[in-house]
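Input: a single structure, listed below in structure tokens.
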Amino acid sequence: MGEFWPVPDVLGYLAGGWRVERSVRDLASGAEGEFSGTTLFSPLDGGGLLHRESGTFVWQGVPRPAERTLRFLPGSTPPTVDVRFADGRPFHDLDLRSGHHVADHPCSADLYRGEFTVRSADRWRTVWRVRGPAKDLVLTTDYVREG
């Protein structure tokens, strides 16, 4: 079916549990880290999904627990999604109808550019490139649906 796997219903596709593996590279210092854990997309009252990620982040050999929460809400144009931080601040849009999407998120003077790629019904990847005066990072995350 080509390089990308089209997703006509993003919220339906994401719902459920995913195994997560993330690599983090600081291009300025050469430091590297890894995150390993799970993400659960569960229904939100009023529509959308609550994204809860938890696991272990190892930075330069030091492990520590890590978690984050996001809200994936129906976008202004179906079937797009409006991704927000747990406190409601906007993060980025998401449209996977083609199986591929690029989104930007300005954070202070840094720019986060995310590339989302769906490979199959059970696999997708994000690559965030962060550039600016404070950061020079690449974060690559692979998601595999849990059985």
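The values are calculated or read from the model by the stated rules, or taken from the named source; none is laboratory data. Note that this is a predicted model, so its numbers are computed, not measured. A quick note on method: Cβ atoms are made from the backbone with ideal geometry, for glycine too, and the neighbour counts reach across all protein chains shown. SASA here: full protein model, heavy atoms, side chains in, ligands and nucleic acids out. Shrake-Rupley method; radii C 1.70, N 1.55, O 1.52, S 1.80 Å.
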**OP:** Work through the residues other than residue 29 whose Cβ is under 11 Å from its Cβ and net out their charges, Lys, Arg +1 and Asp, Glu -1.
**Re:** -1
Subject >> Label point distance in nm, residue 36-residue 127, each placed 7 Å from Cα along Cα→Cβ >> reply: 2.3 nm
Original post:
How much of the accessible area of the chain, in percent, comes from carbon and sulfur atoms when a 1.4 Å probe is used?
Top reply: 53 percent
Subject >> Helical mean residue ellipticity (222 nm; -39500 (n - 2.57) per DSSP H run of 4+; nearest 500) of the chain >> reply: -500 deg cm²/dmol
**OP:** Return the tail of the calculated pair distribution for the chain, meaning the percent of Cα-Cα pairs more than 19 Å apart.
**Re:** 55 percent
Original post:
Loop-only check: which chymotrypsin sites (Phe, Trp or Tyr not before Pro) in segment 74-147 are DSSP coil with at most 14 other Cβ within 10 angstrom?
Top reply: none
Subject >> Cα gyration tensor, segment 1-67 - rounded (a/c under 1.5), prolate or oblate >> reply: oblate
Original post:
On average, how much accessible surface per residue is there in segment 1-83, in Å², for a 1.4 Å probe, leaving out ligands, DNA and RNA?
Top reply: 56 Å²
Subject >> For segment 13-25, 3J(HN,Hα) per residue [Karplus equation, 6.51 cos²θ - 1.76 cosθ + 1.60, θ = phi - 60°, Hz, x = Gly/Pro] >> reply: 5, 6, 3, x, x, 9, 7, 10, 10, 10, 10, 10, 10
Subject >> Leading residue at positive end of dipole, segment 1-138 (Cβ point charges), from 10, 74, 133 >> reply: 133
Original post:
So for the pair residue 3, residue 146, with labels modelled 7 Å out along Cα→Cβ, what separation do we get in nm?
Top reply: 3.2 nm
